[in-house]
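Structure first, commentary second.
The values are calculated or read from the model by the stated rules, or taken from the named source; none is laboratory data. Remember, predicted model here, so these are calculated numbers, not experimental data. Backbone-built Cβ (ideal geometry, glycine too); neighbour counts: all protein chains shown. Calculation scope for accessible area: heavy atoms of the full protein, side chains included, ligands and nucleic acids excluded. Shrake-Rupley method; radii C 1.70, N 1.55, O 1.52, S 1.80 Å.
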Amino acid sequence: KSLYVMLGPGFLFSSLIGILHMLMYSGMNIVIGYDANIPTQLWIILSYLLAISFLIAILCFDKEINYYFVFGMYFFISILLVTLCFERIFPDCYIDGQGLTLFKKISEYIIIFIYILSLILLGRLKNIEHEFFSRLSKFICTLIVSGFFFTLYSDVFGIFNFLGHYFKFCSFLIIYISLLKDLIVVPYRKILFDSIHDSSTGLYNHKFFFET
């Protein structure tokens, strides 16, 4: 449960910042007057949020967590970091004509390190289902590959940037299927099985009553 309490707000606010990142992208022609720096800054922010969320979720596995406190913390941090971007206070991540800044590259490697650490800690967890562990491991590994591609591009429309986004999409598809199965399919299947079992038991008892 604690895993979802941490990942829920983490995914929510990183996704909202991701939408803003997409709208600010120069090729979208929706928000005019900004270069490629702010979308890249927003990308680093959402990547940090997601990676740290995953690490904390694993560290707090099977521990009681106040959801409202976590939600408020994510809300405050997200608003603060986005504001720093638009106020030109957040460190530059991309400079036209030069490419990625040192801060951006180092940040991507830090994020990759956080995911590797999360993967190691995940493997040390006890009482975790093999299938659940497998899906989360695939999710983390795909994000690591995505992060490496994001350290290589010099053009925001280049192939490495595209591959980074592609593997990022694949990772979200993996975790989406995992959450869909764990939170909807499996509980619904259990409820359906229990109802069928109760119905069959009641029918058997009813038949036994008349036979006796």
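Got at least one residue in segment 98-115 being out of contact with any Lys or Arg (no Cβ under 8 Å at 6 or more places or on another chain), open to solvent by less than 50 Å² (accessible area, probe 1.4 Å) and charged (D, E, K, R)? Walk me through how you get there before you give the answer.
First, pick out the residues of segment 98-115 that are out of contact with any Lys or Arg (no Cβ under 8 Å at 6 or more places or on another chain): 98-115.
Narrowing the set further to residues that are open to solvent by less than 50 Å² (accessible area, probe 1.4 Å) leaves 99-101, 104, 107-108, 111-112, 114-115.
Now narrow it down to the ones that are charged (D, E, K, R): 104, 108.
Checked against the condition, which is being out of contact with any Lys or Arg (no Cβ under 8 Å at 6 or more places or on another chain), open to solvent by less than 50 Å² (accessible area, probe 1.4 Å) and charged (D, E, K, R), segment 98-115 yields at least one hit.
Restricting attention to segment 115-131, does a residue exist that is among the polar types (S, T, N, Q) and in contact with a Ser or Thr (Cβ under 8 Å, 6 or more places away or on another chain)?
Narrowing segment 115-131 to residues among the polar types (S, T, N, Q): 118, 127.
Narrowing further to those that are in contact with a Ser or Thr (Cβ under 8 Å, 6 or more places away or on another chain): none.
No; the residues of segment 115-131 include none that is among the polar types (S, T, N, Q) and in contact with a Ser or Thr (Cβ under 8 Å, 6 or more places away or on another chain).
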>> So if I check each of F75, F90, which one is within 20 Å of I19 (Cα to Cα) and in a loop (DSSP other than H, G, I, E, B)?
In response: F90
>> Looking only at segment 73-114, how many residues end up being in contact (Cβ under 8 Å) with a residue 12 or more places away in the chain, in contact with a Cys (Cβ under 8 Å, 6 or more places away or on another chain) and hydroxyl-bearing (S, T, Y)?
In response: 1
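The rows are residues; the columns are (1) in a helix (DSSP H, G or I); (2) at pLDDT below 80; (3) open to solvent by 40 Å² or more (accessible area, probe 1.4 Å).
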residue	(1), (2), (3)
K138	yes, no, yes
G147	yes, no, no
D155	no, yes, yes
F162	yes, yes, yes
H165	yes, yes, yes
F172	yes, yes, yes
L183	yes, yes, yes
>> Can you say whether I128 is outside any strand (DSSP E or B), under 16 Å from W43 (Cα atoms) and open to solvent by less than 70 Å² (accessible area, probe 1.4 Å), as far as the supplied structure shows?
In response: no
